[in-house]
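Take this structure, written in structure tokens, and hold onto it; I'll ask about it next.
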Amino acid sequence: MPTSCNPNVIAANPLKINETSCLENVLHVNRGIRVANRPKAAIMRKRILITGGAGFIGSHLADELLTRGYNVRVFDNLCSQVHGNESKWPTYLHRDVERVAGDVQNADAIARAVKGVDAVFHFAAMVGVGQSMYEIRKYTAANNLGTATLMETLVEHPVERLVIASSMSIYGEGAYRRRSGEMAVAFERNLDQLRRAQWELCGPDGQELVPIPTPENKPPSLASVYALSKYDQETMCLMLGAAYDIPTVALRFFNVYGPRQALSNPYTGVLAIFASRLLNGKPPLIFEDGRQRRDFVSVYDVVQACRFALEKREAVGQVFNVGSGAHYTISEIAERIGRVLGKESIRPEITNRYRRGDIRHCFADIRKARQSLGYAPRVSLEEGLIEIAAWVEGQVAYDRVEQAAAELSARGLTV
Ligand SMILES: NC(=O)c1ccc[n+]([C@@H]2O[C@H](COP(=O)([O-])OP(=O)(O)OC[C@H]3O[C@@H](n4cnc5c(N)ncnc54)[C@H](O)[C@@H]3O)[C@@H](O)[C@H]2O)c1
């Protein structure tokens, strides 16, 4: 029997008491009485905390959870790189969201945020591969120490579910096979070959390797401080979750895109960065030759995966890739966003330069999430791009890409 207390949601809500769902969305004050017969006052909805919930993915997750009948509290420091210098709560944040301002490194603030919650999504993080290579303390403080602070609080006040936002970046290079079909041992590109603009990975015999979908069991290969921090976050959460009986799930997001992604943040969100350049009449800047492949997943699919991670018993103690299962070259993405924005006359600029920490190909093998969680991406790239185009109309985008590229170059982080 469905347990949602929102009657409009009952038909769509897969939660079933004592079946596959673990986190039921209502606390039954008097168990055994059917929810439908229960007076409203006897039902207390579950309260979910989203750290970093004022950001792009967190705010969409808040919408999804509210629709599903949960209470949602958001904890966020409204960092200026994402929310602008005034650091205000974003207008897109649903009005029913309970807001707690604070930093994840502040134990008192976190303790206030965690009070009375049943589950936590830990999304608060500094997000940017290139920037993490020189803002080392900032990334380590927000991501590693922030997670440690949250975990100390959760050890004292355990929750029914913790979901940590991890990242594809922990894989470094994705999985590859040889042309003969055997799996290739993970190789990295060396600087010599990159200086010669030889971008593809080769095996020891010099033959080009073929990229294949990357499964969760590919060993991590950490190529940036950001990747290191995401691996630290997921490992710390899973390890302490097991030790203290806090059911924990790690989701490795691939390239997430959609409305609300910060258009003026030059460090993260390649689609938003390209859109921002085009809106300012400038060409998208593409590193290497543009033929590197990535998996672009709609934020609406990502929040479905997040809800499954919250509700499904099978998810506990596991890591899951969250991607679309499809892959595109970066050049194709730049051209397609140009077309939907009506800016096809602005041709992307291929820089033929390499950014330290970048990888050649990585796209998701999503079979595990499909099989264990019932995750099934529904938004095609075509639909997703049209939606972005509709959203960016009327948005103000400050283009800071050249400044960000200059920061990397000044530190010798581009080749
Ligand atoms: N967007 C992607 O493609 C992607 C891919 C892989 C993983 N992720 C992960 O998903 C999570 C959400 O990413 P997003 O794209 O929504 O990013 P975002 O930058 O839009 O949101 C992050 C939020 O965290 C807040 N924040 C930052 N530092 C904080 C701190 N010290 N204390 C409290 N709040 C803080 C920011 O103000 C922001 O609102 C992050 O953990 C990120 O590493 C994102």
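The values are calculated or read from the model by the stated rules, or taken from the named source; none is laboratory data. Since the model is a prediction, treat every value here as computed from it, not as a measurement. Cβ coordinates were reconstructed from backbone atoms using ideal geometry, including for glycine residues, and neighbour counts include every protein chain displayed.
Only one residue in Arg179, Arg137 is within 13 Å of the ligand (Cβ to nearest atom) and out of contact with any helix residue (DSSP H, G or I) (no Cβ under 6 Å at 6 or more places or on another chain), so which one is that?
Numbers: Arg179 fails: within 13 Å of the ligand (Cβ to nearest atom).
After ruling out the rest, the residue left standing is Arg137.
Given the structure, is Ile164 part of a strand (DSSP E or B) and within 11 Å of the ligand (Cβ to nearest atom)? Walk me through how you get there before you give the answer.
Details: part of a strand (DSSP E or B): yes; within 11 Å of the ligand (Cβ to nearest atom): yes.
So Ile164 fits the description; yes.
From the set of residues in the range 29-79 that are part of a helix (DSSP H, G or I) and more than 16 Å from the ligand (Cβ to nearest atom), which is modelled with the lowest pLDDT? Lay out the reasoning, then the answer.
Residues of the range 29-79 part of a helix (DSSP H, G or I): 35-37, 40-42, 56-67.
Next, only the ones that are more than 16 Å from the ligand (Cβ to nearest atom) stay: 35-37, 40-42, 66-67.
On the way: Val35: 35, Ala36: 38, Asn37: 40, Lys40: 44, Ala41: 40, Ala42: 41, Leu66: 98, Thr67: 97.
Restricting to residues being part of a helix (DSSP H, G or I) and more than 16 Å from the ligand (Cβ to nearest atom), the top hit is Val35.
For Ala243, all conditions in the list (1) more than 14 Å from the ligand (Cβ to nearest atom); (2) in contact (Cβ under 8 Å) with a residue 60 or more places away in the chain hold save one; what is the number of the exception?
Unmet for Ala243, out of (1) more than 14 Å from the ligand (Cβ to nearest atom); (2) in contact (Cβ under 8 Å) with a residue 60 or more places away in the chain: (2).
I would also like to ask the following. If you scan the range 90-132, which residues turn out to be assigned to a loop (DSSP other than H, G, I, E, B) and away from the ligand (no atom under 13 Å from the Cβ)?
Correct list: Thr91, His94, Arg95, Asp96, Lys115, Gly116, Val117, Asp118.
May I ask you to list the residues in the range 215-240 that are of a type in the set (A, V, I, L, M, F, W, C) and either part of a helix (DSSP H, G or I) or within 11 Å of the ligand (Cβ to nearest atom) (or both)?
Looking only at the range 215-240, we keep the residues that are of a type in the set (A, V, I, L, M, F, W, C), and these are 222-223, 225, 227-228, 236-240.
Correct list: Val225, Ala227, Leu228, Met236, Cys237, Leu238, Met239, Leu240.
A follow-up question, please. Based on this model, can you work out whether Ile333 counts as of a type in the set (Val, Ile, Thr), in a helix (DSSP H, G or I) and surrounded by 20 or more Cβ atoms within 10 Å (Cβ to Cβ)?
Numbers: of a type in the set (Val, Ile, Thr): yes; in a helix (DSSP H, G or I): yes; surrounded by 20 or more Cβ atoms within 10 Å (Cβ to Cβ): yes.
Yes: the conditions hold for Ile333.
Which numbered condition trips up Ser345, out of (1) in contact with a Pro (Cβ under 9 Å, 6 or more places away or on another chain); (2) assigned to a loop (DSSP other than H, G, I, E, B)?
(1)
Can you pull out the residues in the range 217-259 that are of a type in the set (Val, Ile, Thr) and either within 17 Å of the chain's Cα centre (by Cα) or buried (at least 24 other Cβ atoms within 10 Å of the Cβ) (or both)? Can you show your working first?
Step one: of the range 217-259, the residues of a type in the set (Val, Ile, Thr) are 225, 235, 246, 248-249, 256.
Result: Val225, Thr235, Thr248, Val249, Val256.
Considering Glu393, Glu344, Glu402, Glu383, which residue is surrounded by fewer than 16 Cβ atoms within 10 Å (Cβ to Cβ), touching a helix residue (DSSP H, G or I) at 6+ places or on another chain (Cβ under 9 Å) and acidic (Asp, Glu)?
Glu344
Next up: Residues of the range 348-401 being in contact with a Lys or Arg (Cβ under 9 Å, 6 or more places away or on another chain), among the aromatic types (Phe, Trp, Tyr), at pLDDT below 95 and not in a helix (DSSP H, G or I), which ones?
Within the range 348-401, Tyr354 is the sole residue that qualifies.
Another question, if that's okay. Being within 16 Å of the ligand (Cβ to nearest atom), surrounded by 17 or more Cβ atoms within 10 Å (Cβ to Cβ) and farther than 23 Å from Ile286 by Cβ is true for just one of Leu145, Leu150. Which residue is that?
Numbers: Leu145 fails: surrounded by 17 or more Cβ atoms within 10 Å (Cβ to Cβ).
That would be Leu150, the only listed residue that is within 16 Å of the ligand (Cβ to nearest atom), surrounded by 17 or more Cβ atoms within 10 Å (Cβ to Cβ) and farther than 23 Å from Ile286 by Cβ.
Among the residues of the range 143-161, is there at least one that is farther than 12 Å from Gln233 by Cα and within 19 Å of the chain's Cα centre (by Cα)?
So the first thing to find is which residues in the range 143-161 are farther than 12 Å from Gln233 by Cα, and the list is 152-161.
Keeping just the survivors that are within 19 Å of the chain's Cα centre (by Cα) gives 161.
Yes: one or more hits.
Taking the range 177-197 as the search range and keeping residues that are surrounded by 14 or more Cβ atoms within 10 Å (Cβ to Cβ) and in contact (Cβ under 8 Å) with a residue 40 or more places away in the chain, which one is farthest from Leu209 (Cα to Cα)? Break it down into steps so the answer makes sense when it comes.
Going residue by residue through the range 177-197, those that are surrounded by 14 or more Cβ atoms within 10 Å (Cβ to Cβ) are 177-178, 184, 186-187, 189, 193-194.
Of the ones still in play, those that are also in contact (Cβ under 8 Å) with a residue 40 or more places away in the chain are 189, 194.
Working: Arg189: 12, Leu194: 16 Å.
Residue satisfying both the conditions and the ranking: Leu194.
Which ones in the range 214-243 are closer than 22 Å to Gly181 by Cβ, touching a helix residue (DSSP H, G or I) at 6+ places or on another chain (Cβ under 8 Å) and not charged (D, E, K, R)?
Step one: list which residues in the range 214-243 are closer than 22 Å to Gly181 by Cβ, which gives 214-219.
This time we only want the ones that are touching a helix residue (DSSP H, G or I) at 6+ places or on another chain (Cβ under 8 Å), so: 214-216, 218.
Scanning the range 214-243 gives Thr214, Pro215.
Six or more apart or on different chains, Cβ atoms under 9 Å: show the pairs whose first residue is in the range 246-257 and on the phi < 0 side of the Ramachandran plot and whose second is within 11 Å of the ligand (Cβ to nearest atom) and basic (Lys, Arg).
So the pair list comes out as Arg252/Lys230; Phe254/Arg294; Asn255/Arg294.
Hey, among the residues in the range 80-89 that are in a loop (DSSP other than H, G, I, E, B) and out of contact with any strand residue (DSSP E or B) (no Cβ under 7 Å at 6 or more places or on another chain), which one's surrounded by the most Cβ atoms within 10 Å (Cβ to Cβ)? Step through it out loud before you land on a result.
Here is the first cut: in the range 80-89, the ones in a loop (DSSP other than H, G, I, E, B) are 84-89.
Then keep just the ones that are out of contact with any strand residue (DSSP E or B) (no Cβ under 7 Å at 6 or more places or on another chain); that gives 84-88.
Values: Gly84: 16, Asn85: 7, Glu86: 7, Ser87: 14, Lys88: 10.
Result: Gly84.
Checking Ser21 against (1) away from the ligand (no atom under 16 Å from the Cβ); (2) modelled with pLDDT of 95 or more, which test does it fail?
Here Ser21 meets the rest and fails (2).
Here is a further query. What pairs can you find where one residue is in the range 51-65 and touching a residue at least 60 places away in the same chain (Cβ under 8 Å), the other is near the ligand (Cβ under 8 Å from one of its atoms) and among the basic types (Lys, Arg), and their Cβ atoms are less than 9 Å apart, with a gap of 6+ or different chains?
Correct list of pairs: Gly55/Arg260; Phe56/Arg260; Ile57/Arg260; Ser59/Arg260; His60/Arg260.
On the basis of being within 15 Å of the ligand (Cβ to nearest atom), in a loop (DSSP other than H, G, I, E, B) and β-branched (Val, Ile, Thr), does Thr268 make the cut?
Working: within 15 Å of the ligand (Cβ to nearest atom): yes; in a loop (DSSP other than H, G, I, E, B): yes; β-branched (Val, Ile, Thr): yes.
It is true that Thr268 is within 15 Å of the ligand (Cβ to nearest atom), in a loop (DSSP other than H, G, I, E, B) and β-branched (Val, Ile, Thr).
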